[in-house]
Amino acid sequence: GEDVEQSLFLSVREGDSSVINCTYTDSSSTYLYWYKQEPGAGLQLLTYIFSNMDMKQDQRLTVLLNKKDKHLSLRIADTQTGDSAIYFCAEVSETSYDKVIFGPGTSLSVIP
Amino acid sequence: KAGVTQTPRYLIKTRGQQVTLSCSPISGHRSVSWYQQTPGQGLQFLFEYFSETQRNKGNFPGRFSGRQFSNSRSEMNVSTLELGDSALYLCASSLGGKKETQYFGPGTRLLVL
């Protein structure tokens, strides 16, 4: 079945880089997403990558995809206290339309 | 363009009652999906509606139902509420094509006492 896994917690110092990792099982995944959720708020789409890409960069965010290992990572450069939030990895498979499978979320804490 | 809106934002109900949540998608979006978020289970897919038809369904009991109107607004209903239904209910909209990105609303936080 479809499954997405992430480590639950990450703590970094302000100014350092954060790397949040995600693994998925569905080999027919076509789109992989990163969402950010701040306390008490809904999900904000950060970035996404097509399954035929290896890397995508968007300002401070870099997404790396290793399709062979079904491993996705999100790197946040120069992490700021405002980046403290829960980050969800999610996938959409070729066989579904809008059914998005989410990971459990990684809680990022940025230490000033 | 206005984002996805959900009403109400907060709700308190008691066991056995029923509740209806509303979601207005981004203008032009025809697909609306609903998710339940709890600390224990994380984000779980409830169902998705497209052009007033349920197109995808998650693994939730029949107490959870939904519908979509001709203007793409959607409602979700939970009957015979249980304590475990306390959660943040998120709605997301998209254009509805196979690979369209979903955009989420702020959620409705439901507390069942």
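The values are calculated or read from the model by the stated rules, or taken from the named source; none is laboratory data. This one's a predicted model, so the numbers in the text were calculated from it and none came from an experiment. In this analysis, Cβ positions are derived from the backbone assuming ideal geometry, glycine residues included, and neighbour counts consider all displayed protein chains.
Residue pairs whose Cβ atoms lie under 6 Å apart, sitting 6 or more positions apart in sequence or on different chains, and linking a residue in region B:47-73 that is away from chain A (no Cβ under 12 Å) to a partner that is surrounded by fewer than 16 Cβ atoms within 10 Å (Cβ to Cβ) and not small (Gly, Ala, Ser), are B:63/B:80; B:65/B:77; B:68/B:52.
Among the residues of region A:27-68, just one is within 11 Å of chain B (Cβ to nearest Cβ), among the aliphatic types (A, V, I, L, M) and not in a strand (DSSP E or B), namely A:41.
Only one of the listed residues (B:15, B:30, B:55) is at pLDDT 95 or above and not polar (S, T, N, Q). That residue is B:15.
If you check A:58, A:78 for being over 14 Å from the mean Cα position of the chain (by Cα) and either farther than 30 Å from residue B:9 by Cβ or not aliphatic (A, V, I, L, M) (or both), only one passes: A:78.
Condition check ((1) of a type outside the set (Lys, Arg); (2) surrounded by fewer than 17 Cβ atoms within 10 Å (Cβ to Cβ); (3) within 17 Å of residue B:35 (Cβ to Cβ); (4) modelled with pLDDT of 95 or more) across all residues:
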residue: A:10; (1), (2), (3), (4): yes, no, no, yes
residue: A:17; (1), (2), (3), (4): yes, yes, no, yes
residue: A:25; (1), (2), (3), (4): yes, yes, no, no
residue: A:30; (1), (2), (3), (4): yes, yes, no, no
residue: A:37; (1), (2), (3), (4): yes, no, yes, no
residue: A:54; (1), (2), (3), (4): yes, yes, no, no
residue: A:70; (1), (2), (3), (4): no, no, no, no
residue: A:79; (1), (2), (3), (4): yes, no, no, yes
residue: A:87; (1), (2), (3), (4): yes, no, yes, yes
